[in-house]
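Engineer: Got a structure here, written out as structure tokens. Questions coming.
The values are calculated or read from the model by the stated rules, or taken from the named source; none is laboratory data. Predicted model only: the values in this text are computed from it and were never measured. Note that we place each Cβ from the backbone using ideal geometry, even for glycine, and neighbour counts take in every protein chain shown. When the accessible area is computed, the model is the full protein with side chains, heavy atoms only, and any ligands, DNA or RNA have been set aside. Shrake-Rupley method; radii C 1.70, N 1.55, O 1.52, S 1.80 Å.
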Amino acid sequence: MESRQTREAAIAMVVALLWSRAYTRTPVLNLVGHCDPPSGGCKSLSTDIQSCQSRGVKVFLSLGGAVRNYKITSTEDAENVSSYLWDNFLGGQSDSGPIGDAVLDGIDFDIQKMTMHWDDLASAVFALSTPSKKIFLSVAPQCPYPDAHLIIALQIGRFDFIWIHFYNNPPCLYANGNTTDLVNSWTLWTTSVPTTQTRSFYIGLPTAPDAVNNGGYVEPDVLISQVLPKIKSSSKYGGVMLWSKYWDEQTNYSSIIKNSVIMKPSLVEVPCLAYV
């Protein structure tokens, strides 16, 4: 986790939580081969996570993804999952947290399966916040509006950060020098979804053409000269979300765009660069 990106970013997505169709089973943590959760091999990450947090980086746990099967089956199930997240990642009572004694800052919803009860889970996690411990909620919808899996959850106004995937979704992408579809989709999202704070919306982009399978790469000069001037005029603009850390290290995309992305501190009090 010690990298140029974690020093520059204010939010870092670190791990993905996946669970099976049998909702009574313990959720499965997937760190993409970096360590082995069942053996306790990921507890050593706590030092890295705490180091990032000491630099002002907020570290989230990401739920869902595109590969495994998972779902929430009821409001009660949502409460149970929320309790599991609290105990194991957010400062609760478990002695066997898979990432050691680190306390994460929030939960990210990268939901690409099913539809029902994600609003219940978001509300349950939202309710865990206290005056002394704010638990942030973020969500990563696909850019076609409304998102097929998050249509209900997005309307309850529980999310602090919304990073919209403007890639792998041809109807709302930048393509062939044309920014119209992207900008129109951005406007639709920022005028349709309630949030907990004003500057909550992030434009999600790949950091290299090969980082995605179905388009959406915006050249840095195009982003700076044609896209950002249009979307930064919105009072809902929070910044840019980038996919992914690996490809950014190959292209230095974040370094090229950073000064154009970040707004004056007097105008915005939320992070302007996020990495997943």
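Engineer: Scanning the range 168-192 for residues that are assigned to a helix (DSSP H, G or I) and open to solvent by 60 Å² or more (accessible area, probe 1.4 Å), which turns out farthest from SER123 (Cα to Cα)?
Structural biologist: Narrowing the range 168-192 to residues assigned to a helix (DSSP H, G or I): 170-172, 180-190.
With open to solvent by 60 Å² or more (accessible area, probe 1.4 Å) added as a condition, the list becomes 170-171, 180-181, 184, 187-188.
Details: PRO170: 32, PRO171: 31, THR180: 35, ASP181: 32, ASN184: 29, THR187: 26, LEU188: 24 Å.
Applying the filter and picking the extreme gives THR180.
Engineer: What pairs can you find where one residue is in the range 243-258 and farther than 18 Å from ASP221 by Cα and surrounded by 15 or more Cβ atoms within 10 Å (Cβ to Cβ), the other is basic (Lys, Arg) and at pLDDT 90 or above, and their Cβ atoms are less than 7 Å apart, with a gap of 6+ or different chains?
Structural biologist: So the pair list comes out empty.
Engineer: Here's something else I'd like to know. Name the residues in the range 123-136 that are in contact (Cβ under 8 Å) with a residue 12 or more places away in the chain and over 17 Å from ASN88 (Cα atoms), would you?
Structural biologist: SER123
Engineer: Would you mention how many residues in the range 246-262 are aromatic (Phe, Trp, Tyr) and within 18 Å of the chain's Cα centre (by Cα)?
Structural biologist: Selection size over the range 246-262: 2.
Engineer: Separate question: Take the residues in the range 18-33 that are over 28 Å from THR251 (Cα atoms) and open to solvent by 80 Å² or more (accessible area, probe 1.4 Å), then tell me which one is modelled with the lowest pLDDT.
Structural biologist: Checked the range 18-33; the qualifying residue modelled with the lowest pLDDT is ARG21.
Engineer: Oh, and also: Search the range 34-71 for residues being over 20 Å from GLY106 (Cα atoms) and of a type in the set (Gly, Ala, Ser), and hand back the single one that is most open to solvent (accessible area, probe 1.4 Å).
Structural biologist: SER39
Engineer: Also, I was wondering about something else. Could you figure out which of (1) of a type in the set (A, V, I, L, M, F, W, C); (2) under 29 Å from LYS43 (Cβ atoms); (3) in contact with a strand residue (DSSP E or B) (Cβ under 9 Å, 6 or more places away or on another chain) isn't true of TRP86?
Structural biologist: Answer for TRP86: the failing condition is (3).
Engineer: Looking at VAL67, VAL15, can you tell me which residue is farther than 19 Å from ASP120 by Cα, β-branched (Val, Ile, Thr), assigned to a loop (DSSP other than H, G, I, E, B) and modelled with pLDDT under 90?
Structural biologist: So the residue among VAL67, VAL15 that is farther than 19 Å from ASP120 by Cα, β-branched (Val, Ile, Thr), assigned to a loop (DSSP other than H, G, I, E, B) and modelled with pLDDT under 90 is VAL67.
Engineer: So which residues in the range 132-167 are within 24 Å of THR180 (Cβ to Cβ), of a type in the set (Gly, Ala, Ser) and open to solvent by 50 Å² or more (accessible area, probe 1.4 Å)?
Structural biologist: Correct list: ALA148 only.
Engineer: Between a residue in the range 208-229 that is in contact (Cβ under 8 Å) with a residue 60 or more places away in the chain and closer than 19 Å to GLN250 by Cα and any residue that is hydrophobic (A, V, I, L, M, F, W, C) and not in a helix (DSSP H, G or I), which pairs come within a Cβ distance under 9 Å, given they are 6 or more apart or on different chains?
Structural biologist: Taking only residues 6 or more apart or on different chains, not a single pair turns up.
Engineer: A further question follows. Six or more apart or on different chains, Cβ atoms under 7 Å: show the pairs whose first residue is in the range 154-166 and in a loop (DSSP other than H, G, I, E, B) and whose second is charged (D, E, K, R).
Structural biologist: Listed pairs, sorted by first residue: ILE156/ASP119.
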